[in-house]
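No value in this document is a laboratory result; all are computed from the given coordinates. Keep in mind it's a predicted model, so treat the numbers as computed, not measured.
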Amino acid sequence: MGNQSAREALSRAADRPISEEEYSAVKDRLVGLGLILKGQECGGWVLKQRSRTSWEYDPEVRDAIKGLQGQAQRDGRAQPLVSIYLCLTQET
């Protein structure tokens with residue numbers, strides 16, 4: 001993933017435009033922490049955004065058995081909580 005694509009992905013994740021200066025600072029920090037590696041060519045390692053949805057239940061549903069969870073989601077007694085995380089992926 002090139003710098004432009006990575007900056008665009010970061011902007012989408014942040015839900016706001018990320019300047020080249022901000023992107024460079026974030027990239028340098030991630031490299032410094034060993035979370036990403038600078039690629040010399042295509043095929044380097046990058047962090048990619050992923051998302052996961054969790055559910056927040058009303059108290060009476062929370063204590064119910066797992067079989068009730070799907071029904072609660074279908075009939076609106078549970079609200080989705082979406083979290084975003086990064087995973088290390090090798091581009092090929």
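Between Ala64 and Glu22, the contour length at 0.36 nm per residue exceeds the Cα-Cα span by 10.5 nm. Counting 0.36 nm for each residue step from Ala13 to Lys38 and taking away their Cα separation leaves a gain of 6.9 nm.
Near Ile18, the amide H atoms lying under 5 Å from its own belong to Ser11; only residues 5 or more places off or on other chains count, and H is placed 1.01 Å from N.
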